[in-house]
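Asks: For reference, the structure I am asking about is given below.
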Amino acid sequence: MIVNQESRLALRMAVEELMADYAAVIDDDRLEAWPGLFTEDCLYKVMPRENADRGLPLATIFCDSRAMLVDRVVSLRQANIFPVHHYRHILGPVGIKSTSPAGIVAETNYLVLRTRGDGETAVYNAGKYIDLIVEAEGRLKFREKTVLCDTSRVDTLLVRPL
């Protein structure tokens, strides 16, 4: 358990760095690096808030291993056809909810903007990340990442990670 203020600050900075790396690999179209931010036995799911509020487990995207994340990127690069878009994440402050031997539970609000090829920018998705973060392979990684979407309508395919 974290005892002093210096340790809390160091933990917060490390989690914020992981979150910044997460947003950067997506926004900079370095998606092949995205799975490396997760543990091998990870869980990544994108859920509408209304499902979570009702206790319904249905997720729009559900991946239960790093291999599934890799497959998602390969599919995006090779099988999907969609107009070019650019994405930009705006992240709120990281809230460290708890720490335990099982990991760090953190929540972060997010906003994703999408800019189309014609230069039009619009809100693509908004919500919050609920993360279980652990130390693995010498650094912090996501063991679980739940993307809880406030946005219930997506006007294009949800092909990129949020």
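The values are calculated or read from the model by the stated rules, or taken from the named source; none is laboratory data. Quick caveat: nothing in here was measured; it's all calculated off a predicted structure. Here the Cβ positions follow ideal geometry from the backbone for every residue, glycine too, while neighbour counts run over all protein chains shown.
Asks: Just for the stretch 52-68: of the residues that are among the hydrophobic types (A, V, I, L, M, F, W, C) and touching a Leu at 6+ places or on another chain (Cβ under 9 Å), which one is surrounded by the most Cβ atoms within 10 Å (Cβ to Cβ)?
Replies: Narrowing the stretch 52-68 to residues among the hydrophobic types (A, V, I, L, M, F, W, C): 52, 56, 58-59, 61-63, 67-68.
Now narrow it down to the ones that are touching a Leu at 6+ places or on another chain (Cβ under 9 Å): 52, 61-63.
Numbers: ALA52: 17, ILE61: 15, PHE62: 13, CYS63: 21.
Among residues in the stretch 52-68 that are among the hydrophobic types (A, V, I, L, M, F, W, C) and touching a Leu at 6+ places or on another chain (Cβ under 9 Å), the one surrounded by the most Cβ atoms within 10 Å (Cβ to Cβ) is CYS63.
Asks: Given the conditions (1) within 30 Å of LEU9 (Cβ to Cβ); (2) more than 14 Å from the chain's Cα centre (by Cα); (3) among the basic types (Lys, Arg); (4) surrounded by 15 or more Cβ atoms within 10 Å (Cβ to Cβ), which single one is not true for LYS97?
Replies: Every condition holds for LYS97 apart from (4).
Asks: As an exercise: evaluate PRO48 against (1) closer than 22 Å to VAL123 by Cα; (2) without any contact (Cβ under 8 Å) to a residue 40 or more places away in the chain and give the number of the one condition it does not meet.
Replies: That leaves (2) as the condition not met.
Asks: Restricting the search to the stretch 18-54, which residues are more than 25 Å from GLU137 (Cα to Cα) and assigned to a loop (DSSP other than H, G, I, E, B)?
Replies: Correct list: ARG54 only.
Asks: Say we look at the stretch 117-158 and pick out the residues that are in contact with a His (Cβ under 9 Å, 6 or more places away or on another chain) and at pLDDT below 90; which of these is surrounded by the most Cβ atoms within 10 Å (Cβ to Cβ)?
Replies: THR156
Asks: If I ask for residues that are crowded, with 18+ Cβ neighbours inside 10 Å and farther than 15 Å from VAL159 by Cβ, which ones from the stretch 30-51 would you list?
Replies: Those that are crowded, with 18+ Cβ neighbours inside 10 Å and farther than 15 Å from VAL159 by Cβ: PRO35, LEU37, PHE38, THR39, CYS42, LEU43, LYS45, MET47, PRO48.
Asks: Check whether at least one residue in the stretch 74-88 is closer than 18 Å to PHE142 by Cα, touching a helix residue (DSSP H, G or I) at 6+ places or on another chain (Cβ under 6 Å) and modelled with pLDDT of 95 or more, and report yes or no. Steps first, answer last, please.
Replies: Our first condition is that a residue be closer than 18 Å to PHE142 by Cα; within the stretch 74-88, this holds for none.
For the stretch 74-88, residues closer than 18 Å to PHE142 by Cα, touching a helix residue (DSSP H, G or I) at 6+ places or on another chain (Cβ under 6 Å) and modelled with pLDDT of 95 or more: absent.
Asks: Can you tell which of PRO57, PRO83 is closer than 15 Å to VAL159 by Cβ and in a loop (DSSP other than H, G, I, E, B)?
Replies: Values: PRO57 fails: closer than 15 Å to VAL159 by Cβ.
After ruling out the rest, the residue left standing is PRO83.
Asks: Considering only residues that are more than 11 Å from the chain's Cα centre (by Cα) and of a type in the set (D, E, K, R), which ones fall in the stretch 106-162?
Replies: ARG114, ARG116, ASP118, GLU120, GLU135, GLU137, ARG139, LYS141, ARG143, ASP150, ARG153, ASP155
Asks: Take the residues in the stretch 8-36 that are modelled with pLDDT of 95 or more and acidic (Asp, Glu), then tell me which one is nearest to VAL94 (Cα to Cα).
Replies: GLU16
Asks: Moving on to the next point. Within the stretch 109-143, how many residues are among the acidic types (Asp, Glu) and closer than 16 Å to PRO83 by Cβ?
Replies: Of all residues in the stretch 109-143, those among the acidic types (Asp, Glu) come to 118, 120, 131, 135, 137.
Of the ones still in play, those that are also closer than 16 Å to PRO83 by Cβ are 118, 120.
Residues that pass the stated criteria total 2.
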